[in-house]
Each structure stands twice: as C-alpha cells, then as structure tokens.
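The values are calculated or read from the model by the stated rules, or taken from the named source; none is laboratory data. Just so it is clear, the model here is predicted, and its values are computed rather than measured. Cβ: placed from backbone, ideal geometry, glycine included. Neighbour counts: every protein chain shown.
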Amino acid sequence: MRKILVALAIGSIATPALAQEQSSAPGGFHVGALAGYEGLDVESGDGSVTADADSAVYGITAGYDLSLGSAFVGVEGELSTSGGTTEFPSSFAGARDGLDADGQYYIGARAGFALTPGIAAYGKIGYTALDTQAFTSAGSLEELDDNAGGLRFGGGLLVQLPGPLEGRIEYRRSRYKDVLDSDFGDLTTDQVVAGIGLRF
C-alpha cells in the first residue's frame with residue numbers, strides 16, 4: 001500500500017511538470033538573421049501586363065514574445081534586402097525598362113502555439129515598406145525612386161536548438177500598392193526564408 005501511495009504521489013508531481021514541458025511556448029527577446037528566396041511580381045495599373053523576377057533575400061530581425069503557457073503573442077521588426085530586377089514588356093506603361101527592389105522594412109505582430117516541446121507554429125501580420133527604383137537600360141530617362149508601403153502576412157515554425165539558439169522557417173507575402181504613384185500599379189513579393197537566432 002505504501003508503495004502505491006508513493007507511486008501516486010510521484011505521478012501527481014511528474015504529470016503537471018510533463019504537461020508544462022509539452023505546452024511551453026517561446027517567450028522573451030530574440031534577435032536573428034535570415035535568408036531565402038523571393039519572387040517579385042509587378043502589375044500595370046490596369047492589370048493587363050505583368051513582370052516578375054526571382055532573387056535571394058537576406059536580413060536581420062528582432063522582437064519580443066510573451067509566453068502564455070501553450071500559446072504566445074509578440075511583436076517583431078525586420079530589415080532585409082534583395083536583388084530582384086524585373087524587365088518590363090514593351091507594352092508596359094511608364095516608358096521604363098524595369099524595376100529594382102532593394103531594402104525592405106517590416107514591423108508587425110505575431111501569435112502562435114506550441115506543437116511539441118521545442119516546436120511552435122505561428123502566424124504574422126504587419127506593415128512593410130519597400131525601396132524601389134524604376135530605370136531605363138539606355139539611361140535616356142531619369143531613374144525614379146520610391147518607398148512603397150504595404151501589408152505583409154505569413155506564418156512559420158520556430159524550432160528550439162541547443163542552448164539559447166532557435167531556428168525558423170517562414171513563408172510571407174507582401175503587397176505594395178500604388179508603386180511610383182500608380183505608374184506601375186501594384187507590386188507583390190512572396191518569400192520563403194530560413195533563419196537562426198538567439199533568445200534571451
């Protein structure tokens with residue numbers, strides 16, 4: 001009987017601890033670096049013509065997550081850059097040969113939940129801005145610079161690594177409206193990135 005009572009007591013202590021471990025979501029400050037793929041699409045103002053480009057994207061990120069047991073909410077900022085350059089078809093308006101995408105800035109919120117000990121899923125949404133430059137290959141027209149604002153949303157997985165390290169894999173889509181005062185319509189980027197960071 002005594003052995004049974006001891007076993008029950010140990011079980012009553014171990015079970016909450018195990019449940020807590022299984023439901024633990026990430027929390028605290030985090031900083032990291034990321035890199036991956038970007039697909040860029042530009043659409044004319046009337047929607048009749050499009051241009052696209054593929055490139056690499058890389059950057060740095062930082063933020064804070066508040067752990068709520070098995071779930072978490074947080075804020076995050078990011079600075080990144082890519083080398084996407086579209087080539088416009090001859091029917092594209094604006095008398096430009098292409099559009100360069102450069103620096104990108106993002107600030108937003110995310111929320112998620114623990115899937116298993118050490119792995120969490122999340123979604124994100126926020127404001128993003130993109131530096132663009134429309135150009136002519138012959139240099140016959142002045143280059144046009146613009147900082148286009150838009151909305152980014154996406155989701156991903158966080159994976160706890162040894163010590164304070166964590167990894168992530170993430171998909172996000174950003175849509176920028178009225179690029180260069182609607183000369184070129186809307187611009188969209190789709191990105192798949194992986195990252196590694198430190199959590200404090």
Revision key, fill the gap. Selection from segment 153-169 of residues closer than 16 Å to residue 26 by Cα and of a type outside the set (A, V, I, L, M, F, W, C) yields 155, 156, 160, 162, 163, 164, 166, 167, 168
Review point. Restricting attention to segment 96-120, and to residues there that are under 21 Å from residue 131 (Cβ atoms) and either of a type in the set (Asp, Glu) or out of contact with any strand residue (DSSP E or B) (no Cβ under 7 Å at 6 or more places or on another chain) (or both), which single residue is modelled with the highest pLDDT?
Key: 102
**Study point:** Given (1) over 17 Å from residue 166 (Cβ atoms); (2) touching a residue at least 60 places away in the same chain (Cβ under 8 Å), index of the condition residue 116 fails
**Key:** (1)
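Which count do you get for residues in segment 142-164 that are assigned to a strand (DSSP E or B) and in contact with a Gly (Cβ under 8 Å, 6 or more places away or on another chain)? Lay out the reasoning, then the answer.
Kept after step one, since they are assigned to a strand (DSSP E or B), are these residues of segment 142-164: 144-160.
Narrowing further to those that are in contact with a Gly (Cβ under 8 Å, 6 or more places away or on another chain): 151-155, 158-160.
Adding up the residues that qualify gives 8.
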Exercise for review: Name, by its number, the condition in (1) under 17 Å from residue 191 (Cβ atoms); (2) small (Gly, Ala, Ser); (3) modelled with pLDDT under 95 that does not hold for residue 123.
Suggested key: (3)
Check your understanding: Which residues, counting only those in segment 25-80, are charged (D, E, K, R) and either under 12 Å from the mean Cα position of the chain (by Cα) or in a strand (DSSP E or B) (or both)?
Key -> 38, 41, 43, 52, 54, 65, 76, 78
Review point. Out of (1) within 15 Å of residue 197 (Cβ to Cβ); (2) loosely packed, with under 14 Cβ neighbours inside 10 Å; (3) at pLDDT 95 or above, what's the single condition that is false for residue 168?
Key: (2)
Check your understanding: Taking the condition modelled with pLDDT of 85 or more, surrounded by 20 or more Cβ atoms within 10 Å (Cβ to Cβ) and over 15 Å from the mean Cα position of the chain (by Cα), does residue 148 pass?
Key -> no
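Quick one: which of 92, 135, 72 is more than 17 Å from residue 176 (Cα to Cα), buried (at least 21 other Cβ atoms within 10 Å of the Cβ) and at pLDDT below 95? Walk me through it before giving the result.
Details: 135 fails: buried (at least 21 other Cβ atoms within 10 Å of the Cβ); 72 fails: at pLDDT below 95.
None of the others qualify; the one that does is 92.
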